[in-house]
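The structure under discussion appears below in the form of structure tokens.
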Amino acid sequence: MWAFWPELLDEIGKCEKCRLCQGRTNAVPGEGNPNADIMFIGEGPGRDEDMQGRPFVGASGQLLDRMIHAIGMERTEVYIANIVKCRPPMNRNPEPDEAQACMNYLRNQFVLVSPKIIVLLGRVASKFVLGDETPISRLRGNWILKKGIWFMPTYHPSALLREPSKKREAWEDFKMVKAKLLEVRGNGEIQN
Ligand code: URA
């Protein structure tokens, strides 16, 4: 049973479905254009995101913003969310049961936004959305079409900050995303 935005955001804000609620300052449901053609999915909020209740506002968020810019878009045009909506302690990866407990919120966001393209940022997002445990270095750069949505796994921005040599491949992936967006929109221009 799907909820509309106000109920969904309200439910996420008071969620106690898993242990991650115990450490949160704010839940981080996601933000952006509710009718976006592209969604970006990260892993889970970090410290800055937990403080502000907004996704990708720390160092990796600044890099993500630059990458979105580089394909000719603004952050406000896309929708950005995470696998889990509450910060895992010490920024550890979400446990499978935590991701599972949160997955219905993300599915609901997929239904409401109805994006044409979903960019999966890193191994954790790819694993929980696609159910594919292939290392991200092999999974990235390949389109996966599922239920009419194009999925592109790529590196997480924090991996790019740790290993800048991966930026070239990530840029290749983002160029493919831009090209796919033009293709699915059936025109030669990015629309605002
Ligand atoms: N890393 C993520 O995966 N998500 C965020 O929102 C911030 C950092």
* Asked: Out of region 86-97, which residues are surrounded by fewer than 22 Cβ atoms within 10 Å (Cβ to Cβ) and charged (D, E, K, R)?
  -> ARG92, GLU95, ASP97
* Inside region 34-68, can you point out the residues that are under 15 Å from the mean Cα position of the chain (by Cα), surrounded by fewer than 16 Cβ atoms within 10 Å (Cβ to Cβ) and within 11 Å of the ligand (Cβ to nearest atom)? -> GLN62
* Go through region 69-103 and count every residue that is part of a helix (DSSP H, G or I) and more than 10 Å from the ligand (Cβ to nearest atom). => 15
* Structure fact -> Pairing a residue in region 1-24 that is of a type outside the set (Val, Ile, Thr) with any residue that is exposed (fewer than 14 other Cβ atoms within 10 Å of the Cβ) and in a loop (DSSP other than H, G, I, E, B), where Cβ atoms lie under 7 Å and the two sit 6 or more apart in sequence or on different chains, gives TRP5/PRO34
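Given the options PRO34, PRO29, PRO45, name the one that is in contact (Cβ under 8 Å) with a residue 60 or more places away in the chain and either touching a Lys or Arg at 6+ places or on another chain (Cβ under 8 Å) or of a type in the set (D, E, K, R) (or both).
Details: PRO34 fails: either touching a Lys or Arg at 6+ places or on another chain (Cβ under 8 Å) or of a type in the set (D, E, K, R) (or both); PRO45 fails: in contact (Cβ under 8 Å) with a residue 60 or more places away in the chain.
None of the others qualify; the one that does is PRO29.
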* Flag if LYS127 is free of Cβ contacts under 8 Å to residues at least 12 places away in the same chain, outside any loop (DSSP other than H, G, I, E, B) and surrounded by 19 or more Cβ atoms within 10 Å (Cβ to Cβ) -> yes
* To do: Return the residue satisfying two criteria in turn: it lies in region 139-182 and is in a strand (DSSP E or B) and either touching a helix residue (DSSP H, G or I) at 6+ places or on another chain (Cβ under 8 Å) or within 10 Å of VAL119 (Cα to Cα) (or both), and of such residues it is most open to solvent (accessible area, probe 1.4 Å).
  => LYS146
* Structure fact -> Here the residues within region 7-33 that are within 16 Å of the ligand (Cβ to nearest atom), under 14 Å from GLN109 (Cα atoms), crowded, with 19+ Cβ neighbours inside 10 Å and not β-branched (Val, Ile, Thr) are PRO29, GLY30, GLY32
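Say we look at region 104-123 and pick out the residues that are within 16 Å of the ligand (Cβ to nearest atom) and either open to solvent by 10 Å² or more (accessible area, probe 1.4 Å) or of a type in the set (Phe, Trp, Tyr) (or both); which of these is nearest to ASN82 (Cα to Cα)? Quick ask: steps written out before the conclusion?
Pass one, region 104-123, residues within 16 Å of the ligand (Cβ to nearest atom): 105-106, 109, 118-123.
Of the ones still in play, those that are also either open to solvent by 10 Å² or more (accessible area, probe 1.4 Å) or of a type in the set (Phe, Trp, Tyr) (or both) are 105, 123.
Numbers: TYR105: 10, ARG123: 13 Å.
Within region 104-123, the match that is nearest to ASN82 (Cα to Cα) is TYR105.
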* Structure fact -> Restricting region 107-150 to residues that are in contact with a Phe, Trp or Tyr (Cβ under 7 Å, 6 or more places away or on another chain) and among the aromatic types (Phe, Trp, Tyr), the one nearest to PHE174 (Cα to Cα) turns out to be TRP143
* Is region 128-142 home to any residue that is within 22 Å of LEU9 (Cα to Cα) and within 12 Å of the ligand (Cβ to nearest atom)? -> yes
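The values are calculated or read from the model by the stated rules, or taken from the named source; none is laboratory data. Everything numeric here is computed off the predicted structure, so don't read it as measured data. Counting neighbours? That spans all protein chains shown, and the Cβs are built from the backbone with ideal geometry, glycine included. Surface areas here come from the heavy atoms of the whole protein model, side chains and all, with no ligands, DNA or RNA. Shrake-Rupley method; radii C 1.70, N 1.55, O 1.52, S 1.80 Å.
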